[in-house]
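K.L.:
I have a structure I would like to understand better, so I am pasting it below and will then ask my questions one at a time.
The values are calculated or read from the model by the stated rules, or taken from the named source; none is laboratory data. Bear in mind that the values here come from a model prediction, so they are computed numbers and not experimental data. Here the Cβ is made from the backbone with ideal geometry for all residues, glycine too, and neighbour counts use every protein chain on show.
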């Protein structure tokens, strides 16, 4: 669902229409209902909305039942309370209840939504991410030792590792073991935000500083005050922003966009990257002075293929997490775990987590056998022999053989096998067959082979 959806629960037609019009003007997508009974809970989850505006409601059930359903989700949206509910908390934290005064004004609603968004991002520590680092392999023991050594100091940390290895977990572990544990942990992915917006995300902006800045907004440095700012994928930041980040790290001060007021900041910076920053310095894509500012205390997180002895523990933690967050329940048979130990895991822990969630959807509540795994996770010996090998010709037939047809059958079977091994990815299958991708695509059309036949 859209990240801009807002649920409006109000039986007052005139007021509700005014709210809906204002929300649409601001850029949100409102859904207005007059009673809780109009909401199909099987089709919606509380996290489907960024906020819920609560006013008068008609009929049964009472609003308390709706609020109980809302609170059951740890990532439920905040409540924006109209005048009949002012002064009530409904068992929620003060940051989760906001009052809207009458008569409704467009600017007031815009300001409240900006504040709601800022508070939600500032306190967001994902409920889906375990706070510990699972594993007893030498590589993970080394990571934990380094975390314990640096946590009590305010040194800048650079976490290096492939995508999906759990670099943010390491950053959170440092934060939780530090003197800043009671402060906020604020994360930003420098590679996921367009370069023309990342300055506003980091430093904030004043109202009217640029087109679309309808209200003042705090940046991540302000949100992380007294805590930790985690700069993920720092290697994807362009050089213009690298200069500005370097200045903040040196001066411990910054200005919002559109402001001339300098703000001091008390923030610990932890950065992470999957790129080789030293090679980036040689190429000129990453500033040398910023690298040495960040690389005070480097921590290298090993990829999953180098710590396969941790895989059973990771499976246990991820399946428990799926169960606790109500995203499914699944378990793996010992033979299935053994099959997964033979996989190379290019996507690391993220790939493992996605696989387990996929299995929980496909086979809810079941114990997964090896043959229920996607083909790419099956060792070659576990695949069907008839599918792996072309039919041999034991003795040359007396009547002869259609060699062209036989070779076409052999070629088609091998292509199907390669497509299954590569989970339907043509480029990977082409590498297995030592063919160009375009050549393999032509053969797929020739033999009418579905690209997803193996996945």
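K.L.:
Can you tell me which residues in the range 424-451 are in contact (Cβ under 8 Å) with a residue 24 or more places away in the chain and at negative phi? Step through it out loud before you land on a result.
P.N.:
Let us first name the residues in the range 424-451 that are in contact (Cβ under 8 Å) with a residue 24 or more places away in the chain, namely 424, 426, 440, 443-444, 447, 449, 451.
Result: 426, 440, 443, 444, 447, 449, 451.
K.L.:
If you don't mind, another one. Looking only at the range 308-320, decide whether some residue is under 24 Å from residue 188 (Cα atoms) and either in contact with a helix residue (DSSP H, G or I) (Cβ under 7 Å, 6 or more places away or on another chain) or assigned to a strand (DSSP E or B) (or both). Don't jump to the end; show me each part of the working.
P.N.:
Step one: list which residues in the range 308-320 are under 24 Å from residue 188 (Cα atoms), which gives 318.
Filter again for either in contact with a helix residue (DSSP H, G or I) (Cβ under 7 Å, 6 or more places away or on another chain) or assigned to a strand (DSSP E or B) (or both), leaving 318.
Yes, some residue in the range 308-320 is under 24 Å from residue 188 (Cα atoms) and either in contact with a helix residue (DSSP H, G or I) (Cβ under 7 Å, 6 or more places away or on another chain) or assigned to a strand (DSSP E or B) (or both).
K.L.:
Report, by residue number, each residue of the range 321-343 that is farther than 14 Å from residue 377 by Cα and part of a helix (DSSP H, G or I).
P.N.:
321, 322, 323, 324, 334
K.L.:
Just one of the numbered conditions (1) under 21 Å from residue 161 (Cβ atoms); (2) in a loop (DSSP other than H, G, I, E, B); (3) touching a helix residue (DSSP H, G or I) at 6+ places or on another chain (Cβ under 6 Å) is not true of residue 346; which one?
P.N.:
Against the list (1) under 21 Å from residue 161 (Cβ atoms); (2) in a loop (DSSP other than H, G, I, E, B); (3) touching a helix residue (DSSP H, G or I) at 6+ places or on another chain (Cβ under 6 Å), residue 346 comes up short only on (3).
K.L.:
Determine which member of the set 23, 7, 70, 80 is modelled with pLDDT under 85 and either buried (at least 18 other Cβ atoms within 10 Å of the Cβ) or not in a loop (DSSP other than H, G, I, E, B) (or both).
P.N.:
70
K.L.:
Hey, another quick one. Hey, any hits in the range 359-368 for a residue that's surrounded by 13 or more Cβ atoms within 10 Å (Cβ to Cβ) and closer than 21 Å to residue 432 by Cβ?
P.N.:
Within the range 359-368, not a single residue is surrounded by 13 or more Cβ atoms within 10 Å (Cβ to Cβ) and closer than 21 Å to residue 432 by Cβ.
K.L.:
A further question on this structure: Based on what the data block shows, is residue 269 outside the structural domain of residue 110 (by TED's automatic domain parsing) and at pLDDT below 90? Don't jump to the end; show me each part of the working.
P.N.:
On the way: outside the structural domain of residue 110 (by TED's automatic domain parsing): yes; at pLDDT below 90: no.
No, not satisfied.
K.L.:
Another question, if that's okay. Is at least one residue of the range 90-97 at pLDDT below 85, closer than 17 Å to residue 9 by Cα and surrounded by fewer than 16 Cβ atoms within 10 Å (Cβ to Cβ)?
P.N.:
Looking through the range 90-97, none of the residues is at pLDDT below 85, closer than 17 Å to residue 9 by Cα and surrounded by fewer than 16 Cβ atoms within 10 Å (Cβ to Cβ).
K.L.:
From the set of residues in the range 164-190 that are out of contact with any helix residue (DSSP H, G or I) (no Cβ under 7 Å at 6 or more places or on another chain) and farther than 18 Å from residue 296 by Cβ, which is surrounded by the fewest Cβ atoms within 10 Å (Cβ to Cβ)?
P.N.:
Filtering first and then ranking leaves 182.
K.L.:
Something else now. Suppose we filter 340, 352, 313, 294 for residues that are free of Cβ contacts under 8 Å to residues at least 40 places away in the same chain and either under 18 Å from residue 232 (Cα atoms) or within 26 Å of the chain's Cα centre (by Cα) (or both); which single one remains? First the steps, then the outcome.
P.N.:
Details: 352 fails: free of Cβ contacts under 8 Å to residues at least 40 places away in the same chain; 313 fails: free of Cβ contacts under 8 Å to residues at least 40 places away in the same chain; 294 fails: free of Cβ contacts under 8 Å to residues at least 40 places away in the same chain.
340 is the lone residue from the list that is free of Cβ contacts under 8 Å to residues at least 40 places away in the same chain and either under 18 Å from residue 232 (Cα atoms) or within 26 Å of the chain's Cα centre (by Cα) (or both).
K.L.:
Among the strands (runs of 3 or more DSSP E) lying completely within the range 209-275, list those that include at least 3 residues that are surrounded by 15 or more Cβ atoms within 10 Å (Cβ to Cβ) and free of Cβ contacts under 8 Å to residues at least 60 places away in the same chain.
P.N.:
The qualifying strands (runs of 3 or more DSSP E) are 228-232.
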